[in-house]
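Peer 1: Sharing a structure with you now.
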Amino acid sequence: MSFIYISIPKLSHDAHNKRLTENFKLITQTETIASIRTSKGYKITNHHYTQSLLKNFTQNVLSDPLIEKTSLNSTQALKLIQAHYYAEVSFLPGITDNEATTLRAALKDALKHNFDPSCQTASSKVYAFTFLTSPPPTQATSLIKKFLTQFLTNPLIEKFYLLSRTELITGKPFPPSLSTPHSKSLPPTKKTHSPLHTTIPLKKSSTHFTAQSPDLSKFTDLTKKALLKLSKKYHLHLSATELVAIQNHYKKPAVLKTRRKFDLPPQPTQAELEVLAQTWSEHCKHKIFAAKIHYTTSKTKKPHTIHSLYRTYIKKLTHTLQKKRPDLLSVFHDNAGVFSFTKDWSIAMKVETHNTPAALDPFGGAITGIVGVNRDIIGTGIGANPLFNTNVFCFANPNDYPTADQKKHRKPLPTNVHHPRRMMHGVHYGVERGGNESGIPTVNGAMVFDDRFLGRPLVFCGTGGLLEKRLHQKTGTAKPIAAGDLIVTAGGRVGKDGIHGATASSHALDSSVPTSIVQIGDPITQKKLLDFLMTAKKRNLYRTLTDNGAGGLSSSVGEMAQHTHGATLYLDKVPCKYPNLAPWEILVSESQERMTLVVRPDRWHDLLALATHYDTEIASIGTFTKSGAFIVYYEKTVIAHLEMKFLHNGTPTLDLKAHFTPPRPPKQISSKTITAPATNIRPFLLEKEPTSTIIHKHKKIHSSHNNTALLKQTFVPMLKQILARPNIASKEHWVRRYDHEVKARTVIKPFDGAEGHGVNDAAVIRPLLNHRKGLAIANGIAPRYSDFDTWKMTAAAIDEAVRNLVVVGTDPKTWVGLDNFAWPDPLPSPSAPAPNPKLADLVRSAQALYKTCLAYELPLISGKDSMKNNTVLEFAKSSSKTHSKVHAIQKKHVSIPPTLLFTALGTIDDIGTAITASFKSSDSLIYLAGYTYPELGASEYANLIKDNLANLSSIHPIAKQYKNRYTNLLATFVLPEVRTKINRVLYQTTHQAIKKGWVEAAHDLSDGGLIVALSEAAFGGMIGAHISLNAISTLPLASDKKNSSTQHCFNFDTYCYSESHGRILFEVRKQHAKAFEKLFHQATLSLPKTYPPLLACIGHTQTARSLAIQWDDISLHADLAELREVWLSALNFT
């Protein structure tokens, strides 16, 4: 065996290595590390290659001689890096090693006739750790091992070996292990297990029944308590009602007769229980959305019975709108929704969640999330080709928890969760790797921060793709399957990764959840698989296909078998990563990069030949039948026989109660004087005796001399605090790492402007390079409203998404949407007895989804729900009695805020009319369309005050006495309301203006309100703006109209920070101003006569790089460079 090492001894800056160093500090909570450097290692087994031949290959093919140093059969290249310790990370035997496969191909290309087909290759990485002190600290090796096990390696597929520099210098080698690609030297699978696995105890690493566990041979006689114990121990997560339903099924005489025929025991086998648990899991079956719910409110005594939220609100909505939308081609029954794009092509779109895997392993959970949703698109119809990716992440605030260099004034970090910075690093890097290495651009997304996402982050991954409308005399959305067709698996091999992923994702996250549920992503294998499948589709070598996601073969084969009403599966024919997998593990493993194909028997040999050409492994593992059962064999033994009807329709329907109690209405503003002594918190700046003028029947507060100095003093500091808030701060540091350019179809990217920092509201792509029609993708999410009203949260998410679509130029008549619910457990529990208020929140959210989308004539084409987003956080507390180092564990149950991610898509007739958000010139007019209301509830402004309340005494010596007054002020803030009738007029008018070419830039108002939207539009090209707040069109709240004595006050902060929905900022050149204003004037005439103009000219752009704000006689200025620096740097940690 020959081994090669390649290093870069002289390296001034490496972003990847810097990220490793920062993560080392986060995980070890120490500042002891100076740097971590990465080198590459390769191993080649062949006795015929000469040293000179391998040396020449290494220097000319594997390395860059300008910066890299190489060594053959020595560690000299590693010794050139001055470090204290060196750790080599390599794959376990039998694990797919893509880099080694590429190395072997390079050898074949370079050596040509000298290449030996019997040679084997392996790759590794060597990490060099340098500490700040020499000698390094005594705990150095334990810190490195902690970092290796928690960050750099996955024990399911990798191993590491650690050497000190002394050992390296004296010649101690790394172990000469070799992980070979499965295509060359995978050992044969050993049949060491009984196929049924009913009572045989197995090795500890497998989750099989042990001698102390309830015996499956007594399953039908077990009590409910014993059944639940069994379910919990083996991660089935079935309820008592469901377990009893299974018991009753196995007692039926017809079932017992069939089992005797197939030589099966009368009790369920482990494989059967695993399949039932997967199929009936909340993740796969969506039992809560299918439940019967008896819904009451504080105003109704008689319950309103809802027979399935899904059918009543989601499916009904689209079916209602389908009459007007012939472009909806496939909704709700395939892996993705499909709508028409051109005469010959359609678009498929899907968004998935991968919350539980990401919570356990941020990188692994995220990379498998993005490549998994890629496969959803590939598995739609006859096979769509992925075109773009999206992602939305919800994290805890990364700046709220201790870091190695900043531990004071930080919140305690639970012992059983990852640091939010570690979580951000891992999740982001996983999606980055998954998309970039698959050659799919990441074009749109968002990050949301709330500390309740600490233990359970939300990881939404989306993919859109192109699908032929017709091919080979069949429609692109067809799923033709016939009895006798072959079941073919293609792509990656099966391993222990991902086992119980579906069932664990249907349960609260605690220490009982196994890490093996996290799948292992491999985008390179999937890219080869995709290329193979797209060619096979063109050659008509398969009928249809689906992906192996949650539940693996159990799900993919079990679901497709519904088309023929049966299937027979042979698990011993399934390619495995390594030996000794139990049959049930092969059946439910969620190992990635696998697709299940439906193949006519006469096409098998052609398909196999093509797969060989593309270096993609395929295997024929069964057939579809009309037997009425899902029958699973291991060798010649039947290990599962499940009736299709019971498997898919036997799940007991949940019968639930929900009661909604409306939130308390906001308090009315007191007429007492409210003064703000703090310099960085400024609630309503009311004067002692305000001079009032009635404008459009509401009260408008003018400034006074007493407030002028305070306003000038606090304007810039407060604006900087708002811009630095994580929900508003620029995400450019993270987003730039995604590849937006691959495929050369991205028209509007995440950032624009002359200086490249302007943030756009939506992505626009050109799906077909020979067609100018464009597709826009946007999203909306507002979980902070859920604390007050999930109806308004849902409406806000929808309105934000479509607002983002309209500002880039889409036609509202082409909009489609996807709903992704992420909810805390809404079922009754000891901590939330019936009726659980979260269920009422879910009902209101579904109702709001229906009402809002119906008002916008916006059909839903796909969706997903993740319903068990609860976490048990564990905190270590020292014993006060013993003063010892022994820590007691304090547990805290935390639920995420109910969250809806709404993804919206729309088309643009000509990509040349699409516009971006940044100001373009310094002599244009600035308009604000839509009405501003005094709506500061749950705003970033309100949350800034709320977050600082606890620290008021540290902000200003005399501020503590005002804490109660500030708290009372927060209670007066009103939550923004979506006014669909007004917004429809505004959005349709906006589309017309953009289509006519009158708009230079358009930007929606959302988080942070007007002042943030102005800042973001200015940052792109550093073009300043002069704004008059007095010109803004405002309207009172409905409650204010009824009682003029309690009218909410408009003041400076309301104008700047109100987050009223349905508002858009425009830049318009002066030559288009008259026509632009006339168009909106006509739109205003369609509204009630009491409404003010829908459009207001509020200022102009300017060459000065500043924001100039005029309010009455007060002039305020903020330097754009200072503001942008704060905005860019707030989340800019490595």
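Peer 1: Give the order of Lys301, Lys868, Lys626 when sorted by the count of other beta carbons within 10 angstrom, beginning with the fewest. Let's see the in-between values first.
Peer 2: Details: Lys301 7, Lys868 25, Lys626 12.
Neighbour counts put them in this order, fewest first: Lys301, Lys626, Lys868.
Peer 1: Putting +1 on Lys and Arg Cβ atoms and -1 on Asp and Glu Cβ atoms, find which of Ser134, Ile27, Gln150 reaches farthest to the positive end of the dipole of region 2-184.
Peer 2: Ser134
Peer 1: Greater than 24 Å separation of Cα atoms is the criterion. Which listed pairs, Lys813/Lys981; Lys224/Lys838; Lys232/Lys573; Lys287/Lys350; Lys315/Lys479; Lys350/Lys479, meet it?
Peer 2: On the way: Lys813/Lys981 15 Å; Lys224/Lys838 27 Å; Lys232/Lys573 31 Å; Lys287/Lys350 20 Å; Lys315/Lys479 21 Å; Lys350/Lys479 18 Å.
With Cα atoms farther than 24 Å apart: Lys224/Lys838; Lys232/Lys573.
Peer 1: What's the angle, to the nearest 10 degrees (0 to 90), between helix 523-538's Cα axis and the longest principal axis of the chain?
Peer 2: Here the helix axis deviates by roughly 80 degrees.
Peer 1: Also, I was wondering about something else. In the chain, if the dipole is taken from +1 on Lys/Arg beta carbons and -1 on Asp/Glu beta carbons about the Cα centre, which of Leu273, Ile314, Gly809 is farthest to the positive end?
Peer 2: Of Leu273, Ile314, Gly809, it is Leu273.
Peer 1: Using Cα pairs under 8 angstrom and six or more residues apart, how large is the relative contact order of the chain, in percent?
Peer 2: Values: 2549 pairs, mean separation 123.9, N = 1134.
Across the chain, relative contact order equals 11 percent.
Peer 1: Here's another thing I want to ask about it. With +1 assigned to the C-beta of every Lys and Arg and -1 to the C-beta of every Asp and Glu, and no other charges, what is the dipole magnitude of region 2-184 about the Cα centre in debye, to the nearest 20? Show your work: numbers first, answer last.
Peer 2: Working: 20 positive and 12 negative charges, 29 e Å.
That gives region 2-184 a dipole magnitude of about 140 debye.
Peer 1: Shifting gears a bit: Among the lysines, select those whose C-alpha is under 16 Å from the C-alpha of Lys712, and discard any that sit fewer than 8 residues away in the same chain.
Peer 2: Lys720
Peer 1: Please give every one of the aspartates and glutamates within straight-line cross-link reach of Lys10, meaning a C-alpha to C-alpha distance under 15 Å, and leave out same-chain neighbours fewer than 8 residues apart.
Peer 2: Cα-Cα hits under 15 Å: Asp64, Glu68.
Peer 1: Something else about it: Order these by the 10 Å Cβ neighbour count, fewest first: Lys316, Lys537.
Peer 2: Working: Lys316 14, Lys537 22.
Starting with the residue having the fewest Cβ neighbours, the order is Lys316, Lys537.
Peer 1: By count of other Cβ within 10 Å, fewest leading, how are Met349, Met1022 ordered?
Peer 2: On the way: Met349 29, Met1022 20.
Taking fewest neighbouring Cβ atoms as first place, the list is Met1022, Met349.
Peer 1: Let me ask something additional. Plugging the Kirkwood radius over Cα pairs into Stokes-Einstein for region 224-302, at a temperature of 25 °C and a viscosity of 0.890 mPa s, what D comes out in µm²/s?
Peer 2: Numbers: Rh = 14.8 Å.
Rounded to a whole number, D works out at 166 µm²/s.
Peer 1: Return the calculated 222 nm mean residue ellipticity for the chain, to the nearest 500 deg cm²/dmol, obtained by summing -39500 (n - 2.57) across DSSP H runs with n ≥ 4 and dividing by the residue count.
Peer 2: Values: 35 runs with 343 residues, N = 1134.
Only helices count here, giving -9000 deg cm²/dmol.
Peer 1: Name the residue from Leu873, Ser862, Thr852 whose Cα lies farthest towards the positive end of the charge dipole of region 838-878, charges +1 on Cβ of Lys and Arg and -1 on Cβ of Asp and Glu.
Peer 2: Of Leu873, Ser862, Thr852, it is Leu873.
Peer 1: Over 24 Å between Cα atoms: which of Lys792/Lys868; Lys474/Lys743; Lys257/Lys645 fall into that group? List each step's numbers first, then the result.
Peer 2: Working: Lys792/Lys868 22 Å; Lys474/Lys743 27 Å; Lys257/Lys645 17 Å.
Among Lys792/Lys868; Lys474/Lys743; Lys257/Lys645, the Cα-Cα distance tops 24 Å for Lys474/Lys743.
Peer 1: Near Lys577, which lysines are there with a Cα under 23 Å away, not counting those fewer than 8 places off in the same chain?
Peer 2: Lys43, Lys125, Lys159, Lys184, Lys190, Lys191, Lys203, Lys204, Lys496, Lys527, Lys528, Lys636
Peer 1: What does the charge dipole of the chain about its Cα centre add up to, to the nearest 20 debye, if the Cβ of each Lys and Arg holds +1 and the Cβ of each Asp and Glu holds -1? Don't jump to the answer; show the numbers that get you there.
Peer 2: Working: 135 positive and 90 negative charges, 453 e Å.
Taking the Cα centre of the chain as origin, the dipole is about 2180 debye.
Read the figures in this text as sums done on the coordinates, not as results from a lab. Worth saying up front: this structure is predicted, and the values here are computed from it rather than measured. Glycine gets a Cβ as well: all are built from the backbone with ideal geometry, and neighbour counts include every protein chain shown.
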